[in-house]
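Colleague: Once you've had a glance at the structure underneath, I'll fire off some questions.
The values are calculated or read from the model by the stated rules, or taken from the named source; none is laboratory data. Everything numeric in this text was worked out from a predicted model, so none of it was measured. Note: ideal-geometry Cβ built from the backbone for every residue, glycine included; neighbour counts use all protein chains shown. Note: accessible area is taken over every heavy atom of the protein model, side chains too, but ligands, DNA and RNA are not part of it. Shrake-Rupley method; radii C 1.70, N 1.55, O 1.52, S 1.80 Å.
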Amino acid sequence: MTTGNERDGWASFSGTGASQRRVELKRTINAPIRRVWDALTVEMPNWAGTLIEPHEGGRAAQGDADECGEGPVQDGTIKVLQPPYIFEFTWNDSLPDEGLVRYDLTELDEAHTLLTLVQYVPESQVEWAAPGWHQVVERFAIYVETGSVDSIREGRFMELHGIYRAQGLI
């Protein structure tokens, strides 16, 4: 079963029941693939607050950067790094079945790149994963296209959560 919105930048879901659900977001970024790759990896601290060691086996660490409350620093490991196409890492090594995140980049033409983000999460986490990853991808696109994240509105996560809920997607 697949549910969700097929619009560019909106989450879709597949899988049913209490097991893992696939959360997938696709967004066209108005930039060449090499620019998107560099922003996704080397420049990640600038837009996501995530520190990475950009090599397979390297560390990916992030403190609490969401609007929902406080949380611990999450340590992950880079699993796949295939420039400029695949960046896969664990979000939280203490939750190996829930923490794998994958970014795939596809060059559409010299000036546009399709970013696909996939994470498998427990059914109980879909409500938070969908608007959360939506906000991450949106923030990333703004950073790549403008060089800044200053235009991100306060409260965007909760706004997106309300939209996903109103559309019956979560």
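Colleague: Take residue 145 and residue 114, extend 7 Å from each Cα along the Cα→Cβ direction, and tell me the distance between the two endpoints in nm.
Modeller: Spacing of the two 7 Å Cα→Cβ label points: 1.8 nm.
Colleague: If you take the beta carbon distance between residue 125 and residue 34 as r and set R0 to 35 Å, what does 1/(1 + (r/R0)^6) give as a FRET efficiency, to the nearest 0.05?
Modeller: Here the calculated transfer efficiency is 0.60.
Colleague: For segment 88-167, take the convex hull of the Cα atoms, compute a quarter of its surface area, and give me that in nm², please.
Modeller: Its average projected convex-hull area is 6.7 nm².
Colleague: Now, a different point. Give me the percent of the accessible area of segment 79-152 that comes from carbon and sulfur atoms, probe 1.4 Å, all protein chains in place.
Modeller: Of all accessible area on segment 79-152, carbon and sulfur atoms account for 51 percent.
Colleague: Follow-up question, since we're still on this one. Taking K and R as +1 and D and E as -1, what net charge do the other residues with C-beta under 13 Å from the C-beta of residue 148 add up to?
Modeller: Counting the neighbours of residue 148, the net charge comes to -2.
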